[in-house]
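As structure tokens, the structure follows; a few thoughts come after it.
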Amino acid sequence: MSKHEIYAVKYAGPFTGSGAMLMWLKDWEKVVNRSYYIWCIKGGGDSVVVDAGVSLNLAAEKNLAGYVNPADYLSRIGIKADEVRHVVITHMHWDHTSGVSLFPQARFYIQREEYRFWLKDPIASDPVFKQFSDEAANAYLASLEGTDRLELLDGDRKILPGIRCLLAPGHSIALQAVAVETAKGTAILGSDSAHIFRNYRENWPSSIIMNLVEWMRTYKKLRENASSIDLLFPGHDPLMTENYREVAKNITRLV
Ligand SMILES: [Zn+2]
């Protein structure tokens, strides 16, 4: 069994906001920080990048504080974005998809239902949903349909030795988490199934809920699949940068 290492790459932030964004319907009065990440899995042959971060264009348009091109960061740990062959897109919100064109050789792994919803369901163009997507990234992914650069998954799937995508809906229609075999056991990159570690510890969702019942089933599933709760990683917690060993600026080794 291959033992992988997992790195968290903070590409923007921290941003401040109400605590209720990170702990649904709680902590309205608290001001809390969140940061934006992509992740990298190394050690079993080809490196796998999890999520694509944000493109230079969108970062400028949104005036993203602390933004660095994720491709530049990856080069600091020896990964050339334009040579990466595998990118898992956890869900199609702009902070996770916008940078897809930074990976011109990659095959993108996305849940079929997530892809269908954001690109083909008329309701997704409603402003309440549209605020979460990046049109340029969606057009790029649409152009890959039918090619071997896009792999649409139907539920749980092993994509490489020691790396499995797990359907984990709730925050988005068909978000997927990534379960990784490491020296410490099975670790899970849950992306926005939790914005912060506390969501997992307190079994409480963060915000932007598409299906609360599914979200709570997802927590049960991810807990059952991870070797320990310490190996369940959230999408936006600044502690991923603060509490782990820094291997390059804003890049930490989680496992
Ligand atoms: Zn996010």
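Straight-line cross-link partners of LYS62 among the lysines, defined as a Cα under 28 Å from its Cα and at least 8 positions apart when in the same chain: LYS10, LYS26, LYS30, LYS80, LYS120, LYS130, LYS249. Within the listed set VAL100, VAL49, VAL84, the Gaussian network model of the chain (springs between alpha-carbon atoms below 10 Å) gives the highest mean-square fluctuation for VAL84. Karplus-based coupling profile of the stretch 68-85, in residue order and whole Hz: 10, 3, x, 5, 5, 4, 4, 5, 6, 10, x, 10, 8, 4, 6, 10, 5, 9, with θ = phi - 60° in 6.51 cos²θ - 1.76 cosθ + 1.60 and x standing for Gly or Pro. The chain: percent of C-alpha pairs farther apart than 32 Å? Looking at the chain, the distances longer than 32 Å represent 12 percent of pairs. Semi-axis lengths, largest first, of the ellipsoid equivalent to the stretch 186-255 are 23, 14, 8 Å, with √(5λ) applied to each eigenvalue of the Cα gyration tensor.
Sorted from largest to smallest, which semi-axis lengths in Å does the alpha carbon gyration tensor of the stretch 70-193 give for its equivalent ellipsoid, taking the root of 5 times each eigenvalue?
Values: eigenvalues 104, 66, 38 Å².
They are 23, 18, 14 Å, listed from largest to smallest.
At a 1.4 Å probe radius, which order do MET23, MET210 fall into by accessible area, largest first? Before the final figure, lay out each step's value.
On the way: MET23 0, MET210 55 Å².
Highest to lowest solvent-accessible surface, that is MET210, MET23.
Over the chain, what is the relative contact order in percent, taking alpha-carbon pairs closer than 8 angstrom and at least six residues apart?
On the way: 585 pairs, mean separation 53.7, N = 255.
RCO, the chain: 21 percent.
Applying a DSSP loop filter and a limit of 16 other Cβ atoms within 10 Å to the GluC sites (Glu not before Pro) in the stretch 170-225 leaves GLU202.
Sparsely packed loop sites in the stretch 113-167 (the GluC sites (Glu not before Pro) outside DSSP H, G, I, E and B with at most 16 other Cβ atoms within 10 Å) comprise GLU145.
Under a Gaussian network description of the chain, with springs only between Cα atoms under 10 Å, the residue in PRO14, PRO127, PRO70 that fluctuates furthest is PRO127. Dimensions of the stretch 7-75 along the principal axes, based on C-alpha atoms and rounded to the nearest Å, stand at 46, 29, 13, largest first.
Dipole orientation for the stretch 161-255: of the candidates SER206, ALA226, ALA194, ALA226 has the Cα lying most toward the positive pole (charges on Cβ; Lys, Arg +1; Asp, Glu -1). Of all beta bridges that DSSP places with both ends in the chain, some 70 percent have antiparallel geometry. Across the stretch 214-222, coupling constants 3J(HN,Hα) worked out from phi with the 6.51/-1.76/1.60 Karplus curve, θ = phi - 60°, read 4, 4, 5, 5, 4, 4, 4, 4, 5 Hz, and Gly and Pro carry x.
Of ALA136, ALA65, ALA179, the residue with the greatest mean-square motion in the GNM of the chain, using alpha carbon springs below 10 Å, is ALA65. Over the chain, dividing the summed -39,500 (n - 2.57) contributions of all DSSP H runs of at least 4 residues by the number of residues returns a 222 nm mean residue ellipticity of -6000 deg cm²/dmol.
Among the trypsin sites (Lys or Arg not before Pro) within the stretch 83-147, which fall in a DSSP loop and have no more than 13 other Cβ atoms within 10 Å of their own Cβ? Write down the numbers at each step before the final one.
Values: sites: ARG85, ARG107, ARG112, ARG116, LYS120, LYS130; in loops: ARG85.
Hits after loop and neighbour filter: nothing returned.
The values are calculated or read from the model by the stated rules, or taken from the named source; none is laboratory data. All figures in this text were calculated on a predicted structure; none of them were measured in a lab. Quick reminder, even Gly has a Cβ in these numbers, built from the backbone with ideal geometry, and neighbours come from all protein chains shown. Please note that ligands, DNA and RNA were not included when accessible areas were found on the heavy atoms of the full protein model with its side chains. Shrake-Rupley method; radii C 1.70, N 1.55, O 1.52, S 1.80 Å.
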